[in-house]
Amino acid sequence: MAADALDDGPFCMLSAVDHRGDKRILSDVFDHDPPHDDIRTFLRRLHTALSARDLPLFGVTTDGSARSPTPLVEVFGDVPHHICPFHLVAEVGQAV
């Protein structure tokens, strides 16, 4: 599964996509920068959606945002969390 946050001005969209079929499983739009409570709520809804589809979660890929790690562990436990290589390279480029 890939989880992403898209910021657009005062709005933020969270989405989760199943890599196998490139299908969006869940998305939500906020009119603010979502704190961990909003992220946890979103991830709990995602957990329910995955269970309803009988989809096991083997790992999560994110953009490395500080929004993700704590709520991911709280909701999904010890699932492997990977940082998208594209985002890592972009961060290095910006640092240079």
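The numbers here are math on the coordinates, done by the rules we state, and not lab data. On a predicted model such as this, the values are computed, not experimentally measured, just so you know. No Cβ is skipped: glycine too gets one built from the backbone with ideal geometry, and neighbour counts run over all protein chains shown.
Working note: 222 nm ellipticity from helices only, DSSP H runs with n ≥ 4, each -39,500 (n - 2.57), summed and divided by the residues of the chain, gives -11500 deg cm²/dmol to the nearest 500. As I understand it, the value is the acute angle between the Cα axis of helix 85-95 and the longest principal axis of the Cα atoms of the chain; what does it come to in degrees, rounded to 10? Compared with the principal axis, the helix lies near 20 degrees.
Positive contributions from Lys and Arg (+1) and negative ones from Asp and Glu (-1), summed over other residues with Cβ under 11 Å from the Cβ of CYS84, come out at -3. Our summary gives the chain a relative contact order of 23 percent, counting only alpha carbon pairs under 8 angstrom and 6 or more residues apart.
If you take all other residues with their beta carbon under 15 Å from the beta carbon of GLY9, and give Lys and Arg +1 and Asp and Glu -1, the sum is -4.
DSSP bridge analysis restricted to the chain gives an antiparallel fraction near 80%, rounded to the nearest 5. Given R0 = 35 Å, the distance between the Cβ atoms of ALA49 and ALA90 translates into a calculated FRET efficiency of 0.75.
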